[in-house]
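Read-outs: derived from the displayed coordinates by stated rules, not from any lab. Note that the coordinates shown come from a computational prediction; the quantities given were computed from them, not determined experimentally. Positions of Cβ are generated from backbone atoms using ideal geometry, with glycine treated the same way; all protein chains shown enter the neighbour counts.
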Amino acid sequence: MLSLSSAIELVQPNRIRFGRGTVGEVGAWLRERAIARVLVVTDVFNAKRVDVLGLDGMVTIAGELAGEPDTADLDRIIALAENVAPEAVVGFGGGSAMDLAKLAAVLPGSGQKLADVVGPERVGRKGAVLVQVPTTAGTGSEVGTRALVTDRATAAKLAVQSLHMLADLAVVDPDVALGMPRAITVATGVDALAHCVEAFTNRKAHPTVDLYALEGIRLVGHWLPRAAIDLDDPEARAGMALASLYGGYCLGPVNTSAGHAVAYPLGTRFHVAHGAANALVFPHTLAFNAPAVADKTALVLTALGLPAASDPDTVFAAAHRWCHDLGCEMRLSAYGVTDKDLPVMAQEAHAIRRLLDNNPRDLTREDILAIYRRAL
């Protein structure tokens, strides 16, 4: 773990608006800047309610997204952006929509393609103002500088990171998530939890980020069970929106670790929603890491409202029961995964060094395979 004096860089959007009823301020903010040509990157569901943003002028909606973004989705949106030449791009949706919005704000007209910018700080410039409006409480992508796209040819997650993809405005209105189905509420909520936990127990963990991480865990522990019971509870939605925002703060300077790496093959191979995959994996990696970060593991459980523990079996049982009681699916077989799929999944997860190298305890391919087999 890094010490208090270790160097760290914290970046946030130029402006963040958080609170009930703020979503309608997007249009006014753009009009103040005389921006009239806007591209909204969203998904099939949210395309039906873009009017809540209060936009006017020349608004183009890219609303065909139906799952986690792949290179075909990106190609379609980049082609549209090159035709429209927007002055501003608005990401309106979950992490998938916001990630594509980031790339739509930097790639069109730049002479760069996706392959040129994969990795850290390879993007040349920002070509349009970027506004991010999350509609779920999980990814924290509205305050992040990373975008993930699945390569259709290889089924690998391609990660782009650039300060040019930082939002100029992030608007977090908890009311936008009111009525969101329980399954999505729970899956995205555990995704926010995973961001906080994986940053808190990370090899690159830092006290300035631990502050957000631990409070984010506490917020999830307090508000997610309530949000799962009452889908229209505004206080629960606000608590989860704040937890997600804090998780986003964790992703920039620290990032995630083994949990996300082990979860990724579920999304790329079996199209399991990102949050649902993280929820399934969460108890396994938390327990695996417990011997290396015993004190922090106990603090994670306490923040969730569970008895403090650091013994791996006790940690696993408590975290697994917590996720199960929320209604998370905790068996790989429920998603069509079979024993013969596990070796290649383990190989793919083990290759995600940008995340596994952050983990507080080394995972071998065999360790990952054992996690998958226990979860089958």
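Calculated FRET efficiency, Glu32 and His271, Cβ-Cβ r, R0 35 Å, to nearest 0.05? Calculated value: 0.30. Placing pseudo-labels 7 Å out from each Cα toward the beta carbon at Ala85 and Asp295 gives an inter-label distance of 5.9 nm.
Taking the Kirkwood radius as the inverse of the mean 1/r across Cα pairs, report the Rg/Rh of segment 261-327. Expressed as Rg/Rh, it is 1.02.
The Cα atoms of segment 119-235 give a gyration tensor whose axes a ≥ b ≥ c have a/c of 1.5 or more with a/b greater than b/c, which makes the shape prolate. Taking trypsin sites (Lys or Arg not before Pro) across segment 115-162, the ones in a DSSP loop with at most 14 further Cβ atoms lying within 10 angstrom of their Cβ are Arg122, Arg125, Arg152. Taking the number of Cβ atoms within 10 Å of each Cβ as an exposure proxy, the fewest-first ranking of Leu376, Leu10, Leu286 is Leu10, Leu376, Leu286. Calculated on the Cα set of segment 332-376, radius of gyration then Dmax: 10.9, 31 Å. The distance from the alpha carbon centre of segment 102-133 to that of segment 228-307 is 28 Å, rounded to a whole number. Shown is the FRET efficiency for Ile229 and Arg49, computed with R0 = 22 Å from the Cβ-Cβ distance and rounded to the nearest 0.05: 0.35. Partners of Lys340 within straight-line reach, counting aspartates and glutamates whose Cα lies under 16 Å from its Cα and excluding those fewer than 8 residues away in the same chain: Glu348, Glu366. A Förster distance of 51 Å, applied to the separation of the beta-carbon atoms of Ala317 and Arg125, puts the FRET efficiency at 0.50. Where both bridge residues fall in segment 15-176, DSSP classifies roughly 15% of the beta bridges as antiparallel.
Enter the angle in degrees (range 0 to 90, nearest 10) between the Cα long axis of helix 95-106 and the first principal axis of the Cα atoms of the chain, meaning the one along which they spread out most. Once rounded, the angle reads 50 degrees.
Share of pairwise Cα-Cα distances greater than 24 Å in segment 26-138 is 18 percent (whole percent).
Fewest-first ordering of Trp29, Trp223 by other beta carbons within 10 Å of each residue's beta carbon gives Trp29, Trp223. Taking the charge dipole of segment 91-167 about its Cα centre, with +1 at Lys and Arg Cβ atoms and -1 at Asp and Glu Cβ atoms, the residue from Gly138, Gly94, Ala155 reaching farthest to the positive side is Ala155. Semi-axes of the equivalent ellipsoid for segment 179-375, computed as √(5λ) from the eigenvalues of its C-alpha gyration tensor and ordered from largest down, come to 24, 20, 15 Å.
Springs between Cα atoms under 10 Å define the GNM used for the chain, and in it the highest mean-square fluctuation of Tyr335, Tyr249, Tyr264 occurs at Tyr335.
By the Cα gyration tensor, the chain has an equivalent ellipsoid whose semi-axes, rounded to whole angstrom, run 32, 22, 20 from largest to smallest.
Counting only DSSP beta bridges with both residues in the chain, the antiparallel share comes to about 15 percent.
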